[in-house]
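Student: Okay, here's the structure, questions in a sec.
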Amino acid sequence: MSTTILVVEDEPAIQELISVNLSFAGHKVLRAFDAEQAQTLIRAELPDLILLDWMLPGASGITLARTLRSDERTRHVPVIMLTAKGAEHDKVEGLEAGADDYITKPFSPKELIARIKAVLRRRAPQLTDDVIQIGDLKLDPATHRVTGGGLALTVGPTEFRLLHFFMTHTERVFSRAQLLDQVWGDHVFVEERTVDVHIRRLRKALEPGKLENHIETVRGAGYRFATQLPNPA
């Protein structure tokens with residue numbers, strides 16, 4: 001599944017190498033040469049993951065990482081630090097600043113892609129292509145297929161993203177605003193009631209497999225994906 005990755009790297013050759021390999025891997029790439037430019041891009045569009053060089057002109061990558069972690073909007077965006085500093089205390093400092101992983105230069109593009117996949121699998125599983133199965137319901141992000149109750153289910157693109165998010169975050173209640181941020185993106189401005197429309201469409205798509213009750217309404221709070229279907233009365 002395509003993800004948006006912000007590359008914050010002041011060395012043009014390294015930035016180009018990373019960006020080209022990420023694009024070949026199917027990612028959308030945003031580029032910044034310093035912390036100020038990175039924050040401007042983040043304000044416009046929240047990336048799914050940030051590759052952050054430690055040594056930047058002006059504010060350092062460590063400073064930016066701490067800023068990202070202190071802001072509610074960016075707190076949960078995965079961050080991978082890129083640096084030539086390989087000492088253990090440097091790695092500890094990077095991780096304590098909020099980085100999810102730490103890659104020491106030089107590194108191979110193959111290693112970088114593998115690290116990105118690992119971090120996304122851990123921090124944002126809805127952005128991976130891993131097949132998910134819960135009970136009779138199976139979702140394959142790579143082929144965009146949903147099956148349930150022995151049937152192929154027809155699910156629209158927005159409903160597919162919504163279901164993918166729910167199936168990777170089961171048993172948790174999400175408000176309409178949270179679902180808009182996670183599924184539509186925080187840079188897309190739509191009414192919260194839009195969520196209700198797509199929830200109804202998703203339930204309708206799951207009906208042929210008798211799986212619509214996985215999506216529960218929690219009055220006054222939002223919606224939840226239940227891993228166990230309620231017993232029929």
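Every number in this text was worked out from the coordinates using simple rules, so none of it is lab data. These figures come from a predicted structure and were not determined experimentally. Every residue, glycine among them, receives a Cβ derived from its backbone with ideal geometry; neighbour counts consider all protein chains shown.
Student: Taking every DSSP beta bridge that has both residues in the chain, what percent is antiparallel when rounded to the nearest 5?
Tutor: Taking every DSSP beta bridge within the chain, about 45 percent pair in antiparallel fashion.
Student: Between their Cα atoms, which of LYS28/LYS117; LYS117/LYS210; LYS85/LYS117; LYS91/LYS117; LYS117/LYS204; LYS85/LYS110 are more than 26 Å away from each other?
Tutor: Those over the limit are LYS117/LYS210; LYS117/LYS204.
Student: Here is a further query. Extension gain LEU229-ALA84, at 0.36 nm per residue separation less the Cα-Cα distance, in nm?
Tutor: 47.1 nm
Student: Under 18 Å from a label point 7 Å along Cα→Cβ of LYS204: give me every residue in region 152-191 with its amide N that close.
Tutor: 153-163
Student: Simple spin-label model, 7 Å along Cα-to-Cβ: THR158 to LYS28 in nm?
Tutor: My value for the distance between the label points is 1.6 nm.
Student: Here is a further query. At 7 Å along Cα-to-Cβ for each site, give me the label-to-label distance between ALA221 and MET55 in nm.
Tutor: According to this spin-label approximation, the distance is 5.0 nm.
Student: Suppose only helical runs count, i.e. DSSP H with n ≥ 4. What mean residue ellipticity at 222 nm does that imply for the chain under -39500 (n - 2.57) per run, divided by all residues and rounded to the nearest 500 deg cm²/dmol?
Tutor: -11000 deg cm²/dmol
Student: Follow-up question, since we're still on this one. Give, in nm to one decimal, the length gained when the segment between LEU95 and SER70 is fully stretched (0.36 nm per residue of separation minus the Cα-Cα distance).
Tutor: My answer for the length gained is 7.6 nm.
Student: Write down the percent of antiparallel bridges among all DSSP beta bridges whose residues are both part of region 62-178, to the nearest 5.
Tutor: Antiparallel bridges: around 70 percent, rounded to the nearest 5.
Student: Additional query: Tell me which label goes with the value of Cα extents along the principal axes in Å computed from the coordinates here: [x] 44, 38, 34; [y] 63, 34, 29; [z] 52, 38, 37.
Tutor: Looking at Cα extents along the principal axes in Å for this model, the match is [y].
Student: Here's something else I'd like to know. Working out 0.36 nm times the residue gap between THR170 and GLU45, then minus their Cα-Cα distance, what length gain in nm do you get to one decimal?
Tutor: Here the answer is 42.4 nm.
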